[in-house]
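Notes for the one structure printed next.
The values are calculated or read from the model by the stated rules, or taken from the named source; none is laboratory data. These numbers come from a predicted model, not from an experiment. Ligands, DNA and RNA are excluded from the accessible area calculation, which covers all protein heavy atoms including side chains. Shrake-Rupley method; radii C 1.70, N 1.55, O 1.52, S 1.80 Å.
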Amino acid sequence: MIKKSFIPVISQKKKEEENPGSVEFQVFNFTNKIRRLTSHFELHPKDYLSQRGLRIILGKRQRLLSYLSKKNKIRYKNLINQLGIRDSQIR
């Protein structure tokens, strides 16, 4: 049920973004996985293996966002606003 709600957003983004290897596309996919896992934890709070996977995905997304912020601030700001991710401190 939850998975179906993300499908239209993904298909819309795929049409706009032709390069699946781009940083924006990868961050978009990680964000969808994170949202899916957080809703999963509401039903299964003791699923520790999935919690570990969530932490790994969060780290990957954070590294990609810090890379993008160093390379191109405008694309970074657009992506943050589009996904609704809060702007975190960059080291």
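Report the gain in length on full extension from Arg86 to Gln26: 0.36 nm times residue separation, minus Cα-Cα distance, nm rounded to one decimal.
19.9 nm
Let me check the size of the stretch 23-83 from its C-alpha atoms; what are the radius of gyration and Dmax in Å?
13.0, 40
Where the accessible area of the stretch 23-83 is counted over protein heavy atoms with a 1.4 Å probe, how much of it, in %, is carbon and sulfur?
55 percent
Over the stretch 23-90, with the other protein chains present, what is the accessible area per residue in square angstrom, probe 1.4 angstrom?
Counting only protein heavy atoms, the per-residue value for the stretch 23-90 is 68 Å².
Short version: ³J(HN,Hα) in whole Hz for each residue of the stretch 73-82, in order, from phi by Karplus 6.51 cos²θ - 1.76 cosθ + 1.60 (θ = phi - 60°), x for Gly and Pro, what are they?
Result, rounded to whole Hz: 5, 5, 5, 5, 5, 4, 5, 4, 5, 5.
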